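J.: Before anything else, here's the structure in question.
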């Protein structure tokens, strides 16, 4: 909503739905509602701001174009693979329009053999393709990954991840759940992207900031989940979180800038302890380099004393 914008909603008992009401509400009419209103829960404002730090009006307009969504609203383009070949799409009127992609088909058209095998696990090509194809013509930032020119900050994808979580947390939206489980692996499993992106340094997107924002988002989300949620509303979702966070930890360790994320990772570990999880330390790129140097001095590369 814009500052001072007023939206009037009416509940229809017959259909058990809420809809917009045409017309203008005056200041005098607005004041008559004061006695019916509850105070804004400012105690939760800081958490709400953290949960929605990358959700803006432009993103909401694109995804929820009719400004109305509930727990039954489906996501357009929601994946349902049949026989690993046919993609079924659910496209109801008024559905949520999240960025669409097939996580299980994460390689380029025409790829064969080793390339298919590699990018079925490494989502780097898909990450680059999604940002370029679906999000890429509205901003000036440039980033080259896997030979593709990206024209938008990947923070837009972090914003979509945040929005799916809000819909899941407050509306128990199954559509949002399925989208969330596609979006998070796009970040956590893009190993080539993290290790050696081909970056135009003149105006490149700062991947350290993007992943710092992602880690902070995950920490806030884990803290926001109600107690017992993994035994009731979201069974086995804790296993999904643990698998993806571990993939993120391992892949971030190879990133040259991983040392910049130490503080954010400690916050994520702290959030994980809420659920009795030990998420492990973030092994920085420096540690990986030192391990490789040490391994060079062992086995067939070990120094040998030669008598002259």
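J.: Kindly state which helices (runs of 4 or more DSSP H) lie completely within segment 1-116 and contain at least 3 residues that are modelled with pLDDT under 85.
T.: It comes to 27-31.
J.: So, one more: For segment 207-308, list the helices (runs of 4 or more DSSP H) that sit wholly inside it and hold at least 1 residues that are modelled with pLDDT of 85 or more; which are they?
T.: 207-224, 237-252, 262-273
J.: Do we have any residue at all in segment 150-169 that's in contact with a strand residue (DSSP E or B) (Cβ under 6 Å, 6 or more places away or on another chain) and modelled with pLDDT of 80 or more?
T.: Scanning segment 150-169, I find no residue that is in contact with a strand residue (DSSP E or B) (Cβ under 6 Å, 6 or more places away or on another chain) and modelled with pLDDT of 80 or more, so the answer is no.
J.: Mind checking which residues of segment 38-60 are within 18 Å of the chain's Cα centre (by Cα) and surrounded by 11 or more Cβ atoms within 10 Å (Cβ to Cβ)?
T.: 47, 48, 50, 51, 52, 53, 54, 55, 56, 58, 59, 60, listed by residue number.
J.: Inspect segment 178-191 for any residue being farther than 27 Å from residue 75 by Cβ and either under 12 Å from the mean Cα position of the chain (by Cα) or surrounded by fewer than 18 Cβ atoms within 10 Å (Cβ to Cβ) (or both) and give the result as yes or no.
T.: So far as segment 178-191 goes, no, none of its residues is farther than 27 Å from residue 75 by Cβ and either under 12 Å from the mean Cα position of the chain (by Cα) or surrounded by fewer than 18 Cβ atoms within 10 Å (Cβ to Cβ) (or both).
The values are calculated or read from the model by the stated rules, or taken from the named source; none is laboratory data. Since the structure is predicted, the reported quantities are computational estimates derived from the model, not experimental observations. Using ideal geometry, Cβ is built from the backbone for each residue, glycine included, and neighbour counts are taken over all protein chains shown.
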